[in-house]
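Read-outs: derived from the displayed coordinates by stated rules, not from any lab. Quantities reported herein were computed from a predicted structural model and do not represent experimental measurements. Cβ placement follows ideal geometry from the backbone for every residue including glycine, while neighbour counts extend to all protein chains displayed.
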Amino acid sequence: MAGTSTSTEQIPIRVLGGPTALFEYGGLRFLTDPTFDAPRDYHVPGGQLTKTAPSSVDPADLGRLDVVLLSHDEHPDNLDDSGRALLADVPLTLTTPGGGQRLGKAAKGLADWESIELDRPGDGTITVTGVPAIHGPGAREEVEPITGQVVGFVLTGEGLPTVYVSGDNASLDLVKQIAERFGPVDTAILFAGAPRFDVLFDGALIVLDSAQTAEAAKILGARRVVPVHYDSWAHFTEGRDELVGAFTAAGLLDHLDLGDRG
């Protein structure tokens, strides 16, 4: 189905570092992939991840949170120790089907194209639809045994803008499927950063690079793109300058919004 947005309003988004962003939508407050630990190393299968910069905010200062949109729970650059502790105080975490089982009663896993309706304060509902994502190159059945399940999200509601949160997705083919159902989107929160590891998939991308992020914006017909997941971690190989350059080259610089940082 095509997008049914009747609003050109652009929601304020606070980009807090790494994959973490805070926004209000339809009166509810949403947080993506919580990462609030201080800089440190994390030992993971096959090596380590290094966080290089702190979040721009302490989680105690975030105020009320209604929903966490968690692309996946298995990697510390998407859910670290502080982020995991924060989940205990949030009424609802939406995540992968596997994560929904691991994280307890307040978590719900969404399969591809599965939707949940959330009550808005006052009246009306918000629909959150889980959309497919692949955390690496190739077919899902080849990638998921190595990097795990990942989910993206599309938020819709009467009179509200259409918002897409990609999660750690490396597949433009999946972006095309999402665009066919929901495009054009008003705001796309796209995970970028061109992360790659020599020990995974021969060093191929496991999330979009900057040029692919611009291409995803074009596919989605996105009126605004807020990139996340491109700073604060050593394994991100492209950052702000590469994103600006890619969107400039694609003629989409006026669609790029680096967000309210802090």
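Observations on the structure shown:
- Here R224, R84 are placed in order of increasing Cβ neighbour count within 10 Å, fewest first, which gives R84, R224.
- Rounded to whole numbers, the Karplus 3J(HN,Hα) couplings from phi for region 88-99 are 4, 9, 9, x, 8, 10, 9, 7, 6, x, x, x Hz, using 6.51 cos²θ - 1.76 cosθ + 1.60 with θ = phi - 60°, and x at Gly and Pro.
- With a Förster radius of 35 Å applied to the C-beta separation of Y42 and L172, the computed FRET efficiency comes to 0.75.
- Relative compactness, region 13-261, computed as alpha-carbon Rg over 2.2 N^0.38 Å: 0.92
- Rounded to the nearest Hz, the phi-derived 3J(HN,Hα) couplings of region 155-167 under the Karplus curve 6.51 cos²θ - 1.76 cosθ + 1.60 (θ = phi - 60°) are 10, 9, x, 4, x, 10, x, 8, 10, 10, 10, 6, x, where x marks glycine and proline.
- Cα centroid separation, region 136-192 to region 12-47 (Å): 17 Å
- Close amide H pairs (under 5 Å, H built 1.01 Å from N) link I13 with D260, residues at least 5 positions away or on another chain.
- Most fluctuating residue given options D186, D61, D33, as computed from a GNM of the chain linking Cα atoms under 10 Å: D61
- Placed amide H near K108: partners under 5 Å, 5+ positions off or other chain: T93, L94, T95
- Based on C-alpha pairs under 8 angstrom that are at least 6 apart in sequence, region 13-261 has a relative contact order of 17 percent.
- Note, ³J(HN,Hα) from phi for region 138-148, Karplus 6.51, -1.76, 1.60, rounded to Hz, x at Gly and Pro: x, 6, 4, 5, 8, 8, 4, x, 9, 10, x
- Total formal charge among the other residues, if their Cβ is under 14 angstrom from that of E242, Lys/Arg +1 and Asp/Glu -1: -3
- Student exercise, region 13-261 dipole from Lys, Arg, Asp, Glu Cβ charges, in Debye to nearest 20: 300 debye
- Charge dipole (the chain, unit charges on Cβ, about Cα centre) - positive-most of G27, P54, L65: G27
- Leading residue at positive end of dipole, the chain (Cβ point charges), from A88, G152, I11: I11
- Mean-square fluctuations from a GNM of the chain, with a 10 angstrom spring cutoff on Cα atoms, peak among P12, P227, P137 at P12.
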